[in-house]
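Read through the structure below, which is laid out as structure tokens, and then see the notes.
The values are calculated or read from the model by the stated rules, or taken from the named source; none is laboratory data. All values derive from a computational prediction rather than experimental measurement. Counting neighbours? That spans all protein chains shown, and the Cβs are built from the backbone with ideal geometry, glycine included. For accessibility, only protein heavy atoms count, side chains too; no ligands or nucleic acids. Shrake-Rupley method; radii C 1.70, N 1.55, O 1.52, S 1.80 Å.
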Amino acid sequence: MAMKRKMALIGFPFAFGLFFSSFMSNFISALVLAAVIVVSAVLFFIIKKYRNIILIVSVAVVFAFAINILYNKLYVERILSYSGESVQFSGYIKDYEYLSSDTLRITAKGTMNSKVSTQLSFITDSVEVDYYDKINCSLTVEEIENTVSFNAKDYYNSLGIYLEGDDCENVQITPVSFSFMRYILKYRDYLFEEITSYLPDDTGGFLGAMLCGDKTEIDGATKLSLYRCGLGHIFAQSGVHLVIITGLLYSVLSIFLKNKKLVSIASLFVILLFTLFAGASPSVVRAAIMSGLIYSSYLFNRKPDPLNSLALSAVVILVISPASVRSVSFILSFTGAFAVGVLAPFLQKKFATDKNRAFLSLALPSVCASLVTTPVSLFYFSEISLISPVTNILLVPICTMALTLTALVAVTGGISIIAHPILIVASLLVKGVIKLCEAFSSIPFSYIGTGSAVTKAAVILFCVSLILCLVFSKKLSSVFKRAYCLFSLVCVLTLSSSLIFGNSVSVYDLTSGSKTVIVAVKNNYAAVFDTNGRSGLGSAVESLLEENNVKSVDLFLSKNTANKEAYYKSSLYVDISSVCDITDSSVECSSIEASVTNTDEALTLSLEDMSVIFDKENSEVIYSYK
């Protein structure tokens, strides 16, 4: 059986090897690579029965480490060597966003100083541009770094972008008369505008996000409730969208065309178009390869294998773009696809009976996806949903119907006379989803923050243990018993942690440039101390509050109090119990038992066992323990 799945034996070790090597320097990677070769050689001669498997797996891992070393040495290091320098850039515009009436962010691909091929993200004065226009400019480039507000380095590096530009001069835009990709992307923008202009409320933003992947038109509070119910994945252009659209087309064409091979060829063409429409993100490329293998199998009378297809798509994506291995989109897409396409069918075949077959076919994909992706989500998001298995079973079918209707709008060209009636029906469906998510997310313990190490360990223990129980248990009834015991253990661990550490105060220093915010957290309460007159760290504060399960906040503001109060009320989605102006004053904070003193020289937060002092002159946070 193992040798029938050679692609799986190649793909998964390759992906794991590339992922782990991506955290290492070239020197450490070389040492590990040498160790892998030695260990593999020893195992190859000792374990004769599994020589073929050992050879395939070891070659895949060695290949992964070698690719990572070469990618860093020949590509990444060459690009980063230009950090801090002024360069001449020439290329074409891949994406753009107007940040204001006079500011434009451009993502472009081209060459620096006519020597090094790269992608750049930079801000310039607003000019009229379009997708795939040629651009030439002079600018200073810097290595992208993470900030408290946004992990820009992690995000952009996973896309293969390592430098950002500033001080753009002599910007020259040369329009391109024809670009196939431009027309596809412009059509995507047209559809999004058509949907959101006709439905200007959250329902339009919801439908536009599902089809086009753009979440900008959804209200922040609505978006948060959807994510807290575990429905955030529905906004990512992914395999679900591709399967729905190609499946819809395949069903329609099958009615009019008896030749299945012609229908398969048409479906393959639509897969290609949607992949380009979605910007060829890792999740869509993965789904495109897997779906392409399924439809092409009809042409050659072959039966596709989900595990081999998943492994092949991973190899293709990572060989083309090794940096994608650190992308949260790539990781969640592949773990989710493994759960739904491999684990769920295995368990369905194992546990299904005539009585429970229908229920298991509905429940297992959602349960498996939650169990496999939740441990990953703990390290990438500030909150995770505990009710996602239930809400996905209940609400994803409704979202799928709405997406199918919205896809029909795209297929028919977005013509108003056809699109508007369809959008009305779709909006009624998603309006119900939004209302239910708002109700579900208000239930206590429907979601938890990921800031606690104990919480992370407990959730990982539960998910991994339950997956092992599902795989190795012979009866479904024994799985329920073990799941109950595991859940009880997790509750004991988290409750013990809260009793031991719950009364302690945690202090966080959020500093970005000239902006500093100090946040003190105790139990489910927090005090936010904004130390200067400039706002802009609301998203960082909100993320920190989510991680720590904070439900109520006291705001302590100095300078520009009225404007900053409005800013925080629009940025934070927790209860703001009080707002204090601490300019040249001394106040008490009852929620965390602290006193605050603000002078011209410093802002001092006095706690039970420590003092936190913000030195205004040097913009420095000093901790003094009692």
* Asked: For the chain, which whole percent of the accessible surface, found with a 1.4 angstrom probe, sits on carbon and sulfur atoms?
  -> 63 percent
* Residue-averaged 222 nm ellipticity for the chain, from DSSP H runs of 4+ at -39500 (n - 2.57), nearest 500 -> -17500 deg cm²/dmol
* Asked: If you add up the charges near L510, with Lys and Arg at +1 and Asp and Glu at -1, over every other residue whose beta carbon is less than 12 angstrom from its beta carbon, what do you get?
  -> -2
* How high is the FRET efficiency from E620 to S197, r the C-beta distance, R0 41 Å, rounded to 0.05? -> 0.25
* Structure fact -> Rounded to one decimal in Å, the inverse mean reciprocal Cα-Cα distance for segment 393-492, i.e. its Kirkwood radius, is 17.2 Å
* Reachable lysines from K456, Cα under 21 Å, same-chain residues fewer than 8 places away excluded? -> K522, K551
* Subtracting the Cα-Cα distance from 0.36 nm times the residue separation, let me have the gained length for D509 to S101 in nm, one decimal. => 143.6 nm
* Picking from F269, G110, A453, whose Cα lies most toward the positive end of the charge dipole for the chain (charges on Cβ: Lys, Arg +1; Asp, Glu -1)? -> F269
* Asked: Using r as the Cβ-Cβ distance of K73 and Y484, and R0 as 45 Å, what FRET efficiency do you calculate, to the nearest 0.05?
  -> 0.30
* Looking at the chain, do any whole DSSP H helices span at least 18 angstrom along their long axis by alpha carbon and average 0.0 or above on Kyte-Doolittle, and which? -> 6-21, 26-46, 51-71, 239-256, 260-277, 282-300, 306-320, 357-377, 388-411, 416-441, 453-472, 476-501
* What is the spin-label model distance, in nm, from F256 to K456 if the labels are put 7 Å beyond Cα along the C-beta direction? -> 5.4 nm
* Calculate the spin-label point distance for L362 paired with S25, positioning each point 7 Å from the Cα along the beta-carbon direction, and give it in nanometres. => 5.6 nm
* May I ask you to derive the FRET efficiency for F346 and C491 from their Cβ-Cβ distance with R0 = 41 Å, giving the value to the nearest 0.05? => 0.90
* Counting residues in the chain as N, plug N into 2.2 N^0.38 Å and put the Cα Rg over that result. => 1.05
* Counting pairs of alpha carbon atoms under 8 Å apart in space and at least six apart in sequence, what relative contact order in percent does segment 9-146 give? -> 23 percent
* Excluding exposed DSSP-loop chymotrypsin sites (Phe, Trp or Tyr not before Pro) (at most 10 other C-beta within 10 Å), longest clean stretch of the chain -> 179-444
* Structure fact -> Here the gain from full extension of N170 to E601, 0.36 nm per residue of separation minus their alpha-carbon distance, amounts to 150.8 nm
* **Rounded to the nearest 20 debye, dipole of the chain from Cβ charges on Lys, Arg, Asp, Glu** => 4920 debye
* Per residue, how much accessible area does the chain have with a 1.4 Å probe, in Å²? -> 49 Å²
* To do: Based solely on C-alpha atoms, express the radius of gyration and the Dmax of segment 336-431 in angstrom.
  => 17.1, 49
* Asked: What is the spin-label model distance, in nm, from V32 to M610 if the labels are put 7 Å beyond Cα along the C-beta direction?
  -> 3.3 nm
* Cα extents of segment 275-419 along the three principal axes, largest first, in whole Å? -> 45, 44, 43
* Pairs from K260/K350; K261/K431; K215/K515; K6/K186 whose Cα-Cα separation, in the structure shown, is over 30 Å -> K260/K350; K261/K431; K6/K186
